[in-house]
Amino acid sequence: MRRRLVHLDLKGAAPRAPYLEQVLPLFRALGATGLLLEYEDTFPYTGPLEPLRAPHAYSPAELRAVLSRARAQGLDVVPLVQSFGHMEFVLKHREFAHLREVPALPNALNPHKEESLALVKAMIDQVMALHEGLEWFHIGCDEVYYLGEGEESKQWLQQPDNTPEKLCLAHIKAVASCVASSYPRVTPIVWDDMLRGMSEETLADSGVPQLVQPMIWDYAADLDVEGKVQLIEKYRRCGFSKVWFASAFKGATGVNQSLTLIGHHLKNHLEWLEVASRTPPDVLEGIALTGWQRYDHFSVLCELLPVAIPSLAVCLQALKNGGYSEKVKENVEKLLGMSNLEIDTYMSTSLGTFPGSNILTLVTQVSFYLKSSVDELLKRNRYVTGWFSPYHRKRKIIHPIIMHLFQPDAVSLLSKWNAVVQDLQAAMEQVFHQCAIEEWMEENVHPSLQKLQQVVDDLDEAIKAQN
(Lines give C-alpha, C1' and ligand atoms only; values in the text may rest on other atoms or scores of the structure.)
Protein backbone atom coordinates (compact mmCIF):
# COMPACT_ATOMS: atom_id res chain seq x y z
CA MET A 1 0.00 0.00 0.00
CA ARG A 2 2.06 2.88 -1.26
CA ARG A 3 -0.30 5.62 -0.04
CA ARG A 4 -0.81 5.67 3.70
CA LEU A 5 -2.87 8.60 5.00
CA VAL A 6 -3.08 9.39 8.72
CA HIS A 7 -6.62 10.59 9.50
CA LEU A 8 -6.83 13.43 12.00
CA ASP A 9 -10.36 13.74 13.36
CA LEU A 10 -10.45 17.35 14.53
CA LYS A 11 -14.06 17.40 15.75
CA GLY A 12 -12.88 16.81 19.32
CA ALA A 13 -9.69 17.61 21.26
CA ALA A 14 -8.15 19.16 18.14
CA PRO A 15 -4.44 19.56 18.90
CA ARG A 16 -2.94 23.05 18.83
CA ALA A 17 -1.27 23.86 15.49
CA PRO A 18 2.31 23.86 16.89
CA TYR A 19 1.80 20.30 18.19
CA LEU A 20 0.61 19.14 14.76
CA GLU A 21 3.72 20.70 13.20
CA GLN A 22 5.80 18.83 15.78
CA VAL A 23 4.35 15.37 15.07
CA LEU A 24 4.32 15.51 11.25
CA PRO A 25 8.02 14.54 10.89
CA LEU A 26 7.34 11.56 13.18
CA PHE A 27 4.35 10.50 11.05
CA ARG A 28 6.59 10.65 8.00
CA ALA A 29 9.39 8.67 9.68
CA LEU A 30 6.87 6.01 10.73
CA GLY A 31 5.74 5.51 7.14
CA ALA A 32 2.88 7.95 6.52
CA THR A 33 2.69 9.44 3.00
CA GLY A 34 -0.16 11.85 3.67
CA LEU A 35 -2.89 13.23 5.94
CA LEU A 36 -6.67 12.96 5.79
CA LEU A 37 -7.81 16.11 7.60
CA GLU A 38 -11.37 16.04 8.90
CA TYR A 39 -11.82 19.65 9.97
CA GLU A 40 -15.48 19.77 10.92
CA ASP A 41 -15.91 22.90 13.12
CA THR A 42 -12.17 23.66 13.43
CA PHE A 43 -11.87 25.15 9.94
CA PRO A 44 -11.81 28.99 9.84
CA TYR A 45 -15.02 29.39 7.85
CA THR A 46 -15.95 32.99 7.03
CA GLY A 47 -18.90 35.01 5.76
CA PRO A 48 -22.27 33.24 5.96
CA LEU A 49 -20.44 30.09 7.15
CA GLU A 50 -18.84 31.76 10.15
CA PRO A 51 -21.34 30.20 12.63
CA LEU A 52 -19.79 26.78 11.85
CA ARG A 53 -16.50 27.87 13.36
CA ALA A 54 -15.79 26.65 16.91
CA PRO A 55 -14.19 29.14 19.33
CA HIS A 56 -10.96 27.08 19.16
CA ALA A 57 -10.95 26.78 15.34
CA TYR A 58 -7.58 27.14 13.63
CA SER A 59 -6.75 30.53 12.11
CA PRO A 60 -5.90 30.64 8.38
CA ALA A 61 -2.27 31.41 9.34
CA GLU A 62 -2.09 28.38 11.66
CA LEU A 63 -3.48 26.10 8.96
CA ARG A 64 -1.10 27.48 6.34
CA ALA A 65 1.81 26.74 8.69
CA VAL A 66 0.61 23.14 9.28
CA LEU A 67 0.01 22.57 5.55
CA SER A 68 3.38 24.02 4.65
CA ARG A 69 5.03 21.73 7.22
CA ALA A 70 3.16 18.75 5.70
CA ARG A 71 4.42 19.72 2.22
CA ALA A 72 7.98 20.09 3.51
CA GLN A 73 7.72 16.55 4.91
CA GLY A 74 6.47 15.23 1.56
CA LEU A 75 3.01 14.46 2.96
CA ASP A 76 -0.01 14.71 0.64
CA VAL A 77 -3.03 16.38 2.21
CA VAL A 78 -6.60 15.22 1.59
CA PRO A 79 -9.22 17.45 3.27
CA LEU A 80 -12.51 15.86 4.39
CA VAL A 81 -15.75 17.83 4.45
CA GLN A 82 -18.97 16.02 5.29
CA SER A 83 -21.63 16.78 2.69
CA PHE A 84 -24.63 14.54 3.50
CA GLY A 85 -24.61 12.57 6.80
CA HIS A 86 -22.80 13.58 10.02
CA MET A 87 -23.74 17.21 9.36
CA GLU A 88 -24.51 17.94 13.03
CA PHE A 89 -21.85 20.64 13.26
CA VAL A 90 -23.72 22.57 10.55
CA LEU A 91 -27.38 21.64 11.06
CA LYS A 92 -27.34 22.21 14.84
CA HIS A 93 -27.17 25.96 14.09
CA ARG A 94 -30.42 27.86 13.79
CA GLU A 95 -29.23 29.46 10.54
CA PHE A 96 -29.05 26.07 8.81
CA ALA A 97 -31.69 24.03 10.65
CA HIS A 98 -34.16 24.46 7.76
CA LEU A 99 -31.86 22.27 5.63
CA ARG A 100 -32.33 19.14 7.76
CA GLU A 101 -33.74 16.01 6.13
CA VAL A 102 -35.88 15.43 9.26
CA PRO A 103 -36.68 18.74 11.03
CA ALA A 104 -36.00 17.39 14.55
CA LEU A 105 -32.66 15.72 13.70
CA PRO A 106 -29.45 17.58 12.84
CA ASN A 107 -27.52 14.65 11.31
CA ALA A 108 -28.53 14.50 7.63
CA LEU A 109 -28.87 17.17 4.95
CA ASN A 110 -32.06 17.50 2.90
CA PRO A 111 -30.96 16.51 -0.64
CA HIS A 112 -33.98 18.11 -2.34
CA LYS A 113 -33.22 21.73 -1.50
CA GLU A 114 -31.00 23.69 -3.89
CA GLU A 115 -29.74 25.59 -0.86
CA SER A 116 -28.31 22.32 0.56
CA LEU A 117 -26.04 21.88 -2.44
CA ALA A 118 -25.11 25.58 -2.37
CA LEU A 119 -24.13 25.21 1.31
CA VAL A 120 -21.94 22.16 0.61
CA LYS A 121 -20.34 23.91 -2.37
CA ALA A 122 -19.58 27.01 -0.25
CA MET A 123 -17.92 24.84 2.43
CA ILE A 124 -15.86 22.95 -0.17
CA ASP A 125 -14.82 26.21 -1.90
CA GLN A 126 -13.56 27.75 1.34
CA VAL A 127 -11.56 24.62 2.25
CA MET A 128 -10.17 24.31 -1.29
CA ALA A 129 -9.04 27.95 -1.23
CA LEU A 130 -6.70 27.24 1.70
CA HIS A 131 -5.13 24.13 0.11
CA GLU A 132 -2.79 24.09 -2.87
CA GLY A 133 -2.23 21.33 -5.40
CA LEU A 134 -4.79 18.83 -4.09
CA GLU A 135 -5.23 15.49 -5.87
CA TRP A 136 -8.14 14.21 -3.76
CA PHE A 137 -10.95 15.70 -1.68
CA HIS A 138 -13.03 13.52 0.66
CA ILE A 139 -16.73 14.45 0.62
CA GLY A 140 -17.79 12.09 3.44
CA CYS A 141 -21.30 10.69 2.75
CA ASP A 142 -21.23 7.92 5.39
CA GLU A 143 -24.03 6.94 7.77
CA VAL A 144 -26.77 9.10 6.22
CA TYR A 145 -29.28 8.01 8.83
CA TYR A 146 -33.00 8.80 8.34
CA LEU A 147 -32.53 9.50 4.64
CA GLY A 148 -35.92 9.23 2.96
CA GLU A 149 -37.82 10.09 6.15
CA GLY A 150 -38.22 13.82 5.50
CA GLU A 151 -41.51 15.07 3.99
CA GLU A 152 -39.96 16.01 0.64
CA SER A 153 -38.24 12.64 0.42
CA LYS A 154 -41.46 10.78 1.21
CA GLN A 155 -43.20 12.58 -1.65
CA TRP A 156 -40.26 11.94 -4.00
CA LEU A 157 -40.23 8.22 -3.08
CA GLN A 158 -43.90 7.87 -4.03
CA GLN A 159 -43.02 8.45 -7.69
CA PRO A 160 -42.47 5.31 -9.81
CA ASP A 161 -38.92 3.87 -9.85
CA ASN A 162 -37.69 6.21 -7.11
CA THR A 163 -35.82 4.48 -4.25
CA PRO A 164 -33.76 5.57 -1.21
CA GLU A 165 -30.66 4.23 -3.03
CA LYS A 166 -31.29 6.47 -6.04
CA LEU A 167 -31.91 9.42 -3.72
CA CYS A 168 -28.59 8.81 -2.00
CA LEU A 169 -26.68 8.40 -5.28
CA ALA A 170 -28.28 11.52 -6.79
CA HIS A 171 -26.94 13.70 -3.97
CA ILE A 172 -23.48 12.08 -4.06
CA LYS A 173 -23.42 12.66 -7.83
CA ALA A 174 -24.48 16.30 -7.42
CA VAL A 175 -21.72 17.01 -4.87
CA ALA A 176 -19.08 15.11 -6.88
CA SER A 177 -20.13 16.94 -10.07
CA CYS A 178 -19.67 20.28 -8.27
CA VAL A 179 -16.12 19.24 -7.39
CA ALA A 180 -15.45 17.97 -10.93
CA SER A 181 -16.65 21.15 -12.63
CA SER A 182 -14.88 23.62 -10.31
CA TYR A 183 -11.75 21.54 -9.64
CA PRO A 184 -11.23 19.17 -12.61
CA ARG A 185 -7.87 17.93 -11.31
CA VAL A 186 -9.27 16.86 -7.93
CA THR A 187 -10.85 13.41 -7.45
CA PRO A 188 -13.61 13.13 -4.82
CA ILE A 189 -13.45 10.25 -2.32
CA VAL A 190 -16.55 8.92 -0.49
CA TRP A 191 -17.00 6.54 2.43
CA ASP A 192 -18.49 3.37 0.96
CA ASP A 193 -21.02 2.19 3.59
CA MET A 194 -24.06 3.68 1.84
CA LEU A 195 -23.00 1.98 -1.44
CA ARG A 196 -22.13 -1.53 -0.18
CA GLY A 197 -25.63 -2.97 -0.19
CA MET A 198 -26.69 -1.46 -3.52
CA SER A 199 -27.09 -3.64 -6.60
CA GLU A 200 -24.47 -3.48 -9.35
CA GLU A 201 -27.09 -2.21 -11.76
CA THR A 202 -28.16 0.66 -9.46
CA LEU A 203 -24.55 1.74 -8.94
CA ALA A 204 -23.55 1.40 -12.60
CA ASP A 205 -26.60 3.33 -13.87
CA SER A 206 -26.10 6.20 -11.42
CA GLY A 207 -22.98 7.63 -13.06
CA VAL A 208 -21.36 7.88 -9.59
CA PRO A 209 -18.56 5.31 -10.28
CA GLN A 210 -17.09 7.60 -12.95
CA LEU A 211 -16.95 10.53 -10.51
CA VAL A 212 -15.66 9.23 -7.15
CA GLN A 213 -13.32 6.74 -5.51
CA PRO A 214 -14.96 4.72 -2.69
CA MET A 215 -13.11 4.32 0.62
CA ILE A 216 -14.02 0.90 2.06
CA TRP A 217 -13.94 1.11 5.85
CA ASP A 218 -13.84 -1.61 8.46
CA TYR A 219 -12.19 -1.29 11.88
CA ALA A 220 -12.70 -4.84 13.18
CA ALA A 221 -9.86 -7.09 14.32
CA ASP A 222 -11.39 -10.01 12.41
CA LEU A 223 -12.78 -8.51 9.23
CA ASP A 224 -14.26 -10.68 6.49
CA VAL A 225 -11.34 -10.79 4.03
CA GLU A 226 -13.22 -12.86 1.44
CA GLY A 227 -16.22 -10.50 1.64
CA LYS A 228 -13.94 -7.47 1.09
CA VAL A 229 -12.29 -9.08 -1.97
CA GLN A 230 -15.75 -9.73 -3.45
CA LEU A 231 -16.88 -6.18 -2.66
CA ILE A 232 -13.85 -4.74 -4.49
CA GLU A 233 -14.63 -6.94 -7.52
CA LYS A 234 -18.25 -5.73 -7.42
CA TYR A 235 -17.14 -2.08 -7.31
CA ARG A 236 -14.84 -2.69 -10.29
CA ARG A 237 -17.66 -4.26 -12.31
CA CYS A 238 -19.83 -1.20 -11.55
CA GLY A 239 -17.22 1.11 -13.07
CA PHE A 240 -15.18 2.40 -10.09
CA SER A 241 -11.59 2.58 -11.38
CA LYS A 242 -9.87 2.80 -7.96
CA VAL A 243 -10.71 2.04 -4.34
CA TRP A 244 -9.25 3.09 -0.99
CA PHE A 245 -9.22 1.14 2.27
CA ALA A 246 -9.81 2.63 5.73
CA SER A 247 -8.50 0.97 8.90
CA ALA A 248 -8.37 2.41 12.44
CA PHE A 249 -5.48 3.09 14.81
CA LYS A 250 -7.73 4.51 17.55
CA GLY A 251 -11.27 5.56 18.36
CA ALA A 252 -12.98 2.37 17.23
CA THR A 253 -13.14 0.15 20.32
CA GLY A 254 -15.40 2.13 22.67
CA VAL A 255 -17.18 5.46 22.62
CA ASN A 256 -15.47 6.65 25.84
CA GLN A 257 -12.25 4.63 25.54
CA SER A 258 -9.29 6.40 27.19
CA LEU A 259 -6.43 3.97 26.37
CA THR A 260 -5.67 2.32 23.04
CA LEU A 261 -5.38 -1.46 22.83
CA ILE A 262 -2.70 -1.73 20.15
CA GLY A 263 -3.27 -5.45 19.54
CA HIS A 264 -6.80 -4.87 18.25
CA HIS A 265 -5.68 -2.22 15.77
CA LEU A 266 -2.63 -4.17 14.63
CA LYS A 267 -4.86 -7.16 13.80
CA ASN A 268 -7.14 -4.85 11.82
CA HIS A 269 -4.16 -3.70 9.73
CA LEU A 270 -2.83 -7.21 9.20
CA GLU A 271 -6.28 -8.18 7.88
CA TRP A 272 -6.24 -5.22 5.47
CA LEU A 273 -2.77 -6.33 4.27
CA GLU A 274 -4.36 -9.69 3.47
CA VAL A 275 -7.14 -7.97 1.48
CA ALA A 276 -4.49 -5.85 -0.32
CA SER A 277 -2.53 -8.98 -1.31
CA ARG A 278 -5.65 -10.17 -3.14
CA THR A 279 -6.45 -6.83 -4.81
CA PRO A 280 -5.00 -5.88 -8.23
CA PRO A 281 -2.30 -3.24 -7.52
CA ASP A 282 -3.70 -0.86 -10.16
CA VAL A 283 -7.07 -0.83 -8.35
CA LEU A 284 -5.88 0.03 -4.83
CA GLU A 285 -5.16 3.75 -4.46
CA GLY A 286 -4.14 3.59 -0.79
CA ILE A 287 -5.32 3.30 2.81
CA ALA A 288 -6.43 5.85 5.41
CA LEU A 289 -5.59 4.95 9.02
CA THR A 290 -8.53 6.55 10.83
CA GLY A 291 -8.11 7.97 14.32
CA TRP A 292 -11.59 8.86 15.53
CA GLN A 293 -11.83 11.40 18.34
CA ARG A 294 -15.59 11.23 18.77
CA TYR A 295 -18.13 8.78 17.33
CA ASP A 296 -20.13 11.82 16.27
CA HIS A 297 -20.28 15.55 16.95
CA PHE A 298 -22.27 15.11 20.19
CA SER A 299 -20.53 12.08 21.74
CA VAL A 300 -17.77 12.14 24.37
CA LEU A 301 -14.06 12.05 23.56
CA CYS A 302 -12.32 8.75 22.97
CA GLU A 303 -8.53 8.26 23.08
CA LEU A 304 -6.51 11.46 22.72
CA LEU A 305 -4.02 11.61 19.83
CA PRO A 306 -0.80 11.45 21.95
CA VAL A 307 -2.18 8.41 23.81
CA ALA A 308 -2.63 6.56 20.50
CA ILE A 309 0.70 7.45 18.84
CA PRO A 310 2.25 4.06 19.75
CA SER A 311 -0.73 2.35 18.09
CA LEU A 312 -0.36 4.56 15.01
CA ALA A 313 3.36 3.75 14.93
CA VAL A 314 2.80 -0.02 15.07
CA CYS A 315 0.07 0.12 12.41
CA LEU A 316 2.03 2.35 9.99
CA GLN A 317 5.15 0.24 10.35
CA ALA A 318 3.17 -2.98 9.82
CA LEU A 319 1.71 -1.53 6.59
CA LYS A 320 5.07 -0.24 5.41
CA ASN A 321 6.84 -3.55 6.09
CA GLY A 322 4.03 -5.82 4.95
CA GLY A 323 3.60 -7.34 8.42
CA TYR A 324 4.70 -7.20 12.05
CA SER A 325 7.83 -8.82 13.44
CA GLU A 326 10.37 -8.42 16.23
CA LYS A 327 12.43 -6.24 13.89
CA VAL A 328 9.44 -3.95 13.20
CA LYS A 329 8.76 -3.76 16.96
CA GLU A 330 12.37 -2.69 17.60
CA ASN A 331 12.11 -0.04 14.91
CA VAL A 332 8.90 1.36 16.46
CA GLU A 333 10.52 1.45 19.91
CA LYS A 334 13.52 3.30 18.48
CA LEU A 335 11.35 5.90 16.68
CA LEU A 336 9.18 6.50 19.78
CA GLY A 337 12.02 6.35 22.32
CA MET A 338 10.22 3.55 24.18
CA SER A 339 11.77 0.45 25.66
CA ASN A 340 8.86 -1.88 26.42
CA LEU A 341 6.17 -1.67 23.79
CA GLU A 342 3.17 -3.73 24.89
CA ILE A 343 0.85 -4.88 22.12
CA ASP A 344 -1.69 -7.05 23.93
CA THR A 345 -2.17 -5.14 27.17
CA TYR A 346 -2.55 -1.46 27.94
CA MET A 347 0.98 -0.23 28.60
CA SER A 348 1.39 0.35 32.30
CA THR A 349 4.94 1.75 32.40
CA SER A 350 5.02 3.61 29.14
CA LEU A 351 7.66 6.31 29.00
CA GLY A 352 8.69 7.57 25.58
CA THR A 353 10.36 10.57 23.96
CA PHE A 354 7.82 11.28 21.18
CA PRO A 355 5.83 14.55 21.31
CA GLY A 356 3.09 14.20 23.93
CA SER A 357 4.48 11.00 25.47
CA ASN A 358 4.11 12.52 28.96
CA ILE A 359 0.34 12.72 28.32
CA LEU A 360 0.30 9.00 27.54
CA THR A 361 2.17 8.19 30.77
CA LEU A 362 -0.16 10.29 32.95
CA VAL A 363 -3.38 9.22 31.20
CA THR A 364 -2.30 5.60 31.70
CA GLN A 365 -1.81 6.25 35.43
CA VAL A 366 -5.22 7.91 35.75
CA SER A 367 -7.03 5.29 33.68
CA PHE A 368 -5.48 2.35 35.52
CA TYR A 369 -5.37 3.53 39.09
CA LEU A 370 -7.49 6.61 39.92
CA LYS A 371 -10.95 5.02 40.06
CA SER A 372 -9.67 1.73 41.49
CA SER A 373 -7.70 3.42 44.29
CA VAL A 374 -10.63 5.67 45.25
CA ASP A 375 -13.06 2.73 45.13
CA GLU A 376 -10.64 0.71 47.27
CA LEU A 377 -10.78 3.41 49.96
CA LEU A 378 -14.49 4.28 49.76
CA LYS A 379 -16.07 0.90 49.02
CA ARG A 380 -13.69 -1.70 50.35
CA ASN A 381 -12.10 -0.05 53.41
CA ARG A 382 -14.19 -1.40 56.32
CA TYR A 383 -13.60 1.68 58.46
CA VAL A 384 -15.19 3.88 55.81
CA THR A 385 -18.05 1.52 54.92
CA GLY A 386 -18.69 0.63 58.57
CA TRP A 387 -18.04 3.81 60.54
CA PHE A 388 -18.21 6.66 58.02
CA SER A 389 -21.10 5.71 55.76
CA PRO A 390 -23.33 8.30 54.01
CA TYR A 391 -25.56 8.13 57.13
CA HIS A 392 -22.65 9.10 59.40
CA ARG A 393 -21.35 11.71 57.00
CA LYS A 394 -24.70 13.45 56.72
CA ARG A 395 -25.00 13.68 60.52
CA LYS A 396 -21.28 14.41 61.11
CA ILE A 397 -20.96 11.39 63.43
CA ILE A 398 -17.51 9.85 63.77
CA HIS A 399 -15.75 7.68 66.34
CA PRO A 400 -12.46 9.45 67.22
CA ILE A 401 -10.45 6.19 67.06
CA ILE A 402 -11.85 5.26 63.65
CA MET A 403 -10.97 8.66 62.30
CA HIS A 404 -7.26 8.02 62.85
CA LEU A 405 -7.54 4.66 61.05
CA PHE A 406 -8.32 6.13 57.66
CA GLN A 407 -8.01 9.92 57.64
CA PRO A 408 -4.24 9.84 56.86
CA ASP A 409 -4.89 7.40 53.96
CA ALA A 410 -7.63 9.58 52.51
CA VAL A 411 -5.60 12.79 52.78
CA SER A 412 -2.48 11.19 51.32
CA LEU A 413 -4.43 9.61 48.40
CA LEU A 414 -6.06 12.96 47.62
CA SER A 415 -2.75 14.84 47.60
CA LYS A 416 -1.14 12.14 45.43
CA TRP A 417 -3.90 12.35 42.80
CA ASN A 418 -4.05 16.16 42.91
CA ALA A 419 -0.34 16.20 42.04
CA VAL A 420 -0.79 13.73 39.14
CA VAL A 421 -3.76 15.69 37.78
CA GLN A 422 -1.79 18.94 38.03
CA ASP A 423 1.04 17.38 35.97
CA LEU A 424 -1.48 16.06 33.44
CA GLN A 425 -3.16 19.46 33.19
CA ALA A 426 0.23 21.10 32.50
CA ALA A 427 1.15 18.46 29.89
CA MET A 428 -2.22 18.80 28.17
CA GLU A 429 -1.95 22.59 28.01
CA GLN A 430 1.04 22.17 25.67
CA VAL A 431 -1.10 20.21 23.21
CA PHE A 432 -4.80 21.04 23.68
CA HIS A 433 -7.14 23.97 24.18
CA GLN A 434 -8.77 24.49 27.55
CA CYS A 435 -12.18 23.24 26.36
CA ALA A 436 -10.73 19.81 25.48
CA ILE A 437 -8.84 19.58 28.78
CA GLU A 438 -11.98 20.47 30.75
CA GLU A 439 -14.03 17.89 28.90
CA TRP A 440 -11.47 15.11 29.37
CA MET A 441 -11.03 15.91 33.05
CA GLU A 442 -14.78 16.05 33.69
CA GLU A 443 -15.27 12.67 32.05
CA ASN A 444 -12.22 10.81 33.34
CA VAL A 445 -10.94 12.50 36.50
CA HIS A 446 -13.62 14.48 38.34
CA PRO A 447 -16.08 11.65 39.08
CA SER A 448 -13.51 9.81 41.26
CA LEU A 449 -11.53 12.80 42.50
CA GLN A 450 -14.65 14.67 43.64
CA LYS A 451 -15.82 11.65 45.65
CA LEU A 452 -12.45 11.52 47.37
CA GLN A 453 -12.42 15.28 48.00
CA GLN A 454 -15.94 15.05 49.45
CA VAL A 455 -14.93 12.34 51.93
CA VAL A 456 -11.93 14.38 53.10
CA ASP A 457 -14.16 17.48 53.45
CA ASP A 458 -16.81 15.47 55.35
CA LEU A 459 -14.11 14.16 57.69
CA ASP A 460 -12.97 17.70 58.44
CA GLU A 461 -16.60 18.75 59.11
CA ALA A 462 -17.20 15.76 61.39
CA ILE A 463 -14.00 16.44 63.34
CA LYS A 464 -15.00 20.11 63.78
CA ALA A 465 -18.44 19.00 65.00
CA GLN A 466 -16.79 16.63 67.55
CA ASN A 467 -14.65 19.48 68.88
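Sequence-distant contacts, meaning Cα pairs under 8 Å at least 6 residues apart, place the relative contact order of the stretch 359-465 at 44 percent. Rounded, prolate or oblate: which fits the stretch 351-421, taking a ≥ b ≥ c as square roots of the Cα gyration tensor eigenvalues, rounded meaning a/c under 1.5, else prolate when a/b beats b/c? Note, shape of the stretch 351-421 comes out prolate. The peptide list 286-294, 268-276, put in order of mean Cβ contacts within 10 Å with the highest first, becomes 286-294, 268-276.
Taking the longest Cα principal axis of the chain as reference, the axis of helix 446-466 is set at about 20 degrees. Take 38-45, 226-233 and order them by the average number of nearby Cβ atoms within 10 Å per residue, most first; the result is 38-45, 226-233. Summing charges over neighbours of His392, with a neighbour being any other residue whose Cβ is under 12 Å away from its Cβ, gives +2 when K and R count +1 and D and E count -1.
Amide H to amide H distances under 5 Å link Val102 with Ala108, where only residues 5 or more positions off or on other chains count and H is placed in the peptide plane. Computed about its Cα centre, the charge dipole of the stretch 359-465 is approximately 700 debye, with only Lys, Arg, Asp and Glu carrying charge at their Cβ.
Here the accessible area is traced with a 1.4 Å probe on the protein chains. For the chain, carbon and sulfur cover 50 percent of it. You can think of it this way: the chain between Glu333 and Ser372 has 11.1 nm of extra reach, that is 0.36 nm per residue less the Cα-Cα gap. Taking every C-alpha pair closer than 8 Å and separated by at least 6 residues, the mean separation divided by the residue count of the chain gives a relative contact order of 15 percent. In this simple spin-label model, placing a label point 7 Å from the Cα along the Cα-to-Cβ direction at both Tyr391 and Ser182 gives a separation of 6.9 nm. Here are labelled values, (i) 171; (ii) 192; (iii) 375, and one is the computed volume of the Cα convex hull per residue in Å³ for what I pasted. Which one? The calculated read-out lines up with (i). In the structure shown, the pairs Lys416/Lys464; Lys267/Lys327; Lys334/Lys416; Lys173/Lys242; Lys228/Lys327 are assessed against 20 Å; a Cα-Cα span above that value is assigned to Lys416/Lys464; Lys334/Lys416; Lys228/Lys327. Sites listed here are chymotrypsin sites (Phe, Trp or Tyr not before Pro) in the stretch 313-371 whose DSSP assignment is loop and whose Cβ has at most 16 other Cβ atoms within 10 Å: Tyr346. In this calculation the C-beta distance from Ala426 to Asn467 is compared with R0 = 30 Å, giving a FRET efficiency of 0.20. With θ taken as phi - 60° and the Karplus curve 6.51 cos²θ - 1.76 cosθ + 1.60 applied, the whole-hertz 3J(HN,Hα) list for the stretch 16-29 is 4, 4, x, 5, 4, 4, 5, 8, 4, x, 5, 3, 5, 4 Hz, x standing for glycine and proline. Taking 0.36 nm per residue of sequence separation and removing the Cα-Cα distance, the Asp344/Leu105 pair yields an extension gain of 82.1 nm. Rolling a 1.4 Å probe over the protein chains gives Asp205 an accessible area of about 120 Å². Label-to-label distance, His131 versus Val456, with points set 7 angstrom from Cα along the beta-carbon direction: 4.8 nm. Estimated from helical segments only, the mean residue ellipticity of the chain at 222 nm is -15500 deg cm²/dmol, where each DSSP H run of four or more residues counts as -39500 (n - 2.57). With the simple model of a label 7 Å out from the Cα in the direction of the Cβ, Thr353 to Ser299 spans 3.7 nm. Counting only protein chain heavy atoms and rolling a 1.4 Å probe, the accessible areas of Lys320, Lys113, Lys11 rank, largest first, as Lys320, Lys113, Lys11.
The accessible-area ordering, largest first, of the residues Phe298, Phe84 stands as Phe298, Phe84, per a 1.4 angstrom probe. For the chain, the dipole from Cβ point charges (+1 on Lys and Arg, -1 on Asp and Glu) about the Cα centre works out to 960 debye, to the nearest 20.
Sorting Arg69, Arg236 by solvent-accessible area of protein heavy atoms yields Arg236, Arg69, largest first, with a 1.4 Å probe. Rolled with a 1.4 Å probe across the full set of protein chains, the surface gives Met128 an accessible area near 20 Å².
Using Cβ point charges alone (K and R +1, D and E -1), the dipole size of the stretch 137-274 about the Cα centre works out to roughly 520 debye.
In the stretch 3-347, taking the dipole from charged Cβ atoms about the Cα centre, the farthest positive-side position among Trp156, Gln293, Ala57 is held by Ala57.
What is the calculated FRET efficiency for Asn256 to Glu151, with r their C-beta to C-beta distance and R₀ = 30 Å, to the nearest 0.05?
0.25
Suppose the chain between Val225 and Ala29 were pulled fully straight at 0.36 nm per residue; how much longer would it get relative to their current alpha carbon spacing? Walk me through the intermediate numbers first.
Details: separation 196, 0.36 × 196 = 70.56 nm, distance 2.90 nm.
This chain segment gains 67.7 nm when fully extended.
Per residue, the chain exposes 42 Å² of solvent-accessible protein surface, assessed with a 1.4 angstrom probe and all protein chains in place.
Could you compute how much accessible surface Arg380 exposes when probed at 1.4 Å, giving the result in Å² to the nearest 10? Number for this one is 140 Å². Packing around the peptides 420-428, 154-162, 138-146, taken as the average count of other Cβ atoms within 10 Å per residue, puts them in this order, highest first: 138-146, 420-428, 154-162.
The values are calculated or read from the model by the stated rules, or taken from the named source; none is laboratory data. Quick caveat: nothing in here was measured; it's all calculated off a predicted structure. All Cβ positions, even for glycine, are placed from backbone atoms using ideal geometry, and neighbour counts span all protein chains on display. Only protein heavy atoms, including side chains, enter the accessible area calculation; ligands, DNA and RNA are left aside. Shrake-Rupley method; radii C 1.70, N 1.55, O 1.52, S 1.80 Å.
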